[in-house]
Amino acid sequence: MKTSLLTPDKDPMGAAIADYYKNNRASKLRVFSSQFDEDEIPVPQLFRTFEEMPSLEQTALNLAQGRILDCGAGSGCHALALQQMGKDVQAIDISPLSVEVMQQRGVKHAYCVNLFDENYLQKFDTILMLMNGSGIIGKLENMRDFFTKMKQLLNPGGSIYMDSSDLRYLFEDEDGSFLMDLAGDYYGEIDYRMQYKQVKGEPFDWLYVDFQTLAYYASENGFNARLVQEGEHYDYLACLRIK
Ligand code: SAH
C-alpha cells in the first residue's frame, strides 16, 4: 500500500478545492483514464451541503455515531455536516491543500494523514468512506491490507460505511450479456490521473467494487458486509463490521 502524502505541485484536486474555496469559482478538474474518455469532476459538488448530498451519503451521516472518522475527507463536506449534527468527527486526507481548506472551513479535527500510515493508530466507532469511498483501497489485491487496517482502527462493535458503484453497466450489452474479459483484471479497477490548470497529478488506482465482491473479501478477512441502501444507478451503501 502507498502510505505517502501528496505535495501541492502534484495535487490537482487539492488545488481545485483551494481555488474554489478562495474565489468561489473554479476551472475544470479534468480526469483521465486509460479505460475511459476524458471526464471532469464538478468542483462545486465537492462542497455539497447535507441537503445537496445523494441519499446514500445522507443515510451514512445519519447512521454514523460515537467517534467518527471521515476518511479521504476532501473539502470536509461530510465532516462539517456531522459537526452541525453535533457529532464527534475527525477528518483525514493525504492532500495538504484540502486539509488546510477543511481547517479554514471550521472542521475541528482535520489532519493530513494517509489512512495506511502504520503510525496512524486511533480508535473509532464509525469509519466513513464516501463518494466511491472504496476507491482508496486502490485494487482488489489490497483488500487484505485494508481490512487489517480497519481492524486496528475500529472499536469493538464499530462500523464502516462505504459507498461504491458496480461498473458492470459499462460492460453490459443491451441484451444483458457481458462484454468484459473474465480472465482479465477485475472490471472495477480503474487507473486515473487528474489535472487542474497546470497542476498534474501522478496516476493512481481507484477501486469500484460491486457488493457481492466486497462481501466476499469482507468475509475472507473477518468482516460481515450488509447492503444498507441502493442508489439510483448501480451505486450502493454498505456497512462492514467485524464478525
Ligand atoms: N469524501 C470527499 C472527497 C472524495 S475524493 C467527498 O465526498 O467529497 C477522495 C479523497 O480521498 C481525496 O481528497 C484524496 O486526497 C483522499 N485520499 C486518497 N487516498 C487516501 C488515503 N490513502 N488516505 C487518506 N485520504 C486519501
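The values are calculated or read from the model by the stated rules, or taken from the named source; none is laboratory data. Here the structure is a predicted model, which is why all the values come from computation and not from measurement. Counting neighbours? That spans all protein chains shown, and the Cβs are built from the backbone with ideal geometry, glycine included. Accessible surface areas use protein heavy atoms only, side chains included; no ligands, DNA or RNA. Shrake-Rupley method; radii C 1.70, N 1.55, O 1.52, S 1.80 Å.
Which whole-angstrom value gives the distance between the alpha carbon centres of segment 76-94 and segment 7-40?
Taking the Cα centre of each part, segment 76-94 and segment 7-40 sit 22 Å apart.
Compare Lys22, Lys149, Lys87 by solvent-accessible area with a 1.4 Å probe and give them largest first, with all protein chains kept in place.
In descending accessible area the options line up as Lys22, Lys87, Lys149.
Relative to the Cα centre, what is the charge dipole magnitude of the chain, using +1 at the beta carbon of each Lys and Arg, -1 at the beta carbon of each Asp and Glu, and rounding to the nearest 20 debye?
Rounded to the nearest 20 debye, it is 1300 debye.
When only alpha-carbon atoms count, how far does segment 115-155 stretch along each of its three principal axes, as whole angstroms with the largest first?
24, 20, 14
Which of Phe50, Phe204, Phe36 ends up with the largest GNM mean-square fluctuation for the chain, with Cα atoms connected below 10 Å?
Most flexible of the set in this elastic network: Phe36.
With the chain treated as a Gaussian network of Cα nodes joined by springs under 10 Å, which of Ser164, Ser33, Ser95 yields the largest mean-square fluctuation?
So, out of Ser164, Ser33, Ser95, the one fluctuating most is Ser33.
Mind checking the per residue accessible area of the chain for me, 1.4 Å probe, whole number of Å²?
51 Å²
Over the Cα atoms of segment 19-70, what radius of gyration and what Dmax do you get, in Å?
15.0, 41
Using a 1.4 Å probe on the protein chains only, how many percent of the accessible area of the chain belongs to carbon and sulfur?
The computed percentage sits at 46.
Amide H to amide H, which residues 5 or more places from Ala73 or on other chains are under 5 Å from it, using H placed in the peptide plane?
Distant-sequence amide H within range of Ala73: Ile92, Asp93.
Any idea what the relative contact order of the chain is, in percent, if you count C-alpha pairs under 8 Å spaced at least 6 apart?
Working: 498 pairs, mean separation 54.5, N = 243.
It rounds to 22 percent for the chain.
How big is the convex hull of the Cα atoms of the chain, per residue, in Å³?
Values: hull volume 30.6 nm³, N = 243.
Once divided by residue count, the hull of the chain is 126 Å³.
Lysine pairs, Cα distance under 12 Å, 8 or more residues apart or cross-chain: how many in the chain?
8
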